[in-house]
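*Asks:* Please find one structure pasted underneath; my questions will follow.
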Amino acid sequence: MFQRIISELTRLDVQPGPVHWLAAGGVVVVVVAVCLIVSLAGSDEQTVVVAEGLHSECTKCGHAFIKPTKELTLTQLNTNPDSLRFDCPDCGAKSAAVPAVKCPNCGEYYLPASRKDPPARGAKDVCPHCKTDRAKWFRDHYSKNR
């Protein structure tokens, strides 16, 4: 490719000088810097969780497991987690496992009452590990008055 560019420049009687090489080097430096920034920016905890899989729990036997991301279809990855259902790898119950939620306070995964079978209508979403009300936690930490 560079030979083609040089031959075109030669045909036009334009010789690549130090300024041209400096400009080309500058473009390479910018591209490498952008690649580094993009790769470093994507290394947060949520990226790791998505990469390892979807934390799930069976509503029949209570078995907690991680559904590998590679086993999920593109449709499942773009679906509301409340409507996702999987077969349990432990007890074999069909469409009994659902995605768990991560407690914003303690970081543990659990199955909220709204995703249990049958779903508890109007029940609060409270972490069984630390008793944090998830809706209240988000209101307190992400309120509009901050």
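The values are calculated or read from the model by the stated rules, or taken from the named source; none is laboratory data. These figures come from a predicted structure and were not determined experimentally. Neighbour counts run over all protein chains shown; Cβ positions are idealised from the backbone, glycine included.
*Asks:* Go through (1) at pLDDT 85 or above; (2) surrounded by 13 or more Cβ atoms within 10 Å (Cβ to Cβ); (3) in contact with a strand residue (DSSP E or B) (Cβ under 8 Å, 6 or more places away or on another chain) one by one and return the number of the condition residue 128 breaks.
*Replies:* Unmet condition: (2).
*Asks:* Given (1) within 23 Å of the chain's Cα centre (by Cα); (2) part of a helix (DSSP H, G or I), where does residue 107 come up short, assuming only one miss?
*Replies:* Single failed check for residue 107: (2).
*Asks:* While we're looking at this one, here's another question. Give the stretch 51-66 a look and list any residue that's assigned to a strand (DSSP E or B), in contact with a helix residue (DSSP H, G or I) (Cβ under 9 Å, 6 or more places away or on another chain) and either closer than 10 Å to residue 88 by Cα or β-branched (Val, Ile, Thr) (or both), or say none.
*Replies:* 57, 66
*Asks:* Another question, if that's okay. Among the residues of the stretch 115-136, is any among the aliphatic types (A, V, I, L, M) and within 23 Å of the chain's Cα centre (by Cα)?
*Replies:* Yes - at least one qualifying residue is present in the stretch 115-136.
*Asks:* Can I ask one more? How many residues, within the stretch 67-96, are touching a Ser or Thr at 6+ places or on another chain (Cβ under 6 Å) and part of a loop (DSSP other than H, G, I, E, B)?
*Replies:* Adding up the residues that qualify gives 2.
*Asks:* Identify the residue in the stretch 93-119 that is among the hydroxyl-bearing types (Ser, Thr, Tyr) and under 14 Å from residue 130 (Cα atoms) and, among all such residues, is surrounded by the fewest Cβ atoms within 10 Å (Cβ to Cβ).
*Replies:* Among residues in the stretch 93-119 that are among the hydroxyl-bearing types (Ser, Thr, Tyr) and under 14 Å from residue 130 (Cα atoms), the one surrounded by the fewest Cβ atoms within 10 Å (Cβ to Cβ) is 109.
*Asks:* For residues that are among the polar types (S, T, N, Q) and closer than 18 Å to residue 118 by Cβ, scanning just the stretch 57-92, find the one that is surrounded by the most Cβ atoms within 10 Å (Cβ to Cβ). Please lay out each step first, then the result.
*Replies:* The first filter runs over the stretch 57-92 and keeps only residues among the polar types (S, T, N, Q), leaving 59, 69, 73, 75-76, 78-80, 83.
Then drop every residue that is not closer than 18 Å to residue 118 by Cβ, which leaves 59, 83.
Working: 59: 19, 83: 10.
Going through the qualifying residues, I end up with 59.
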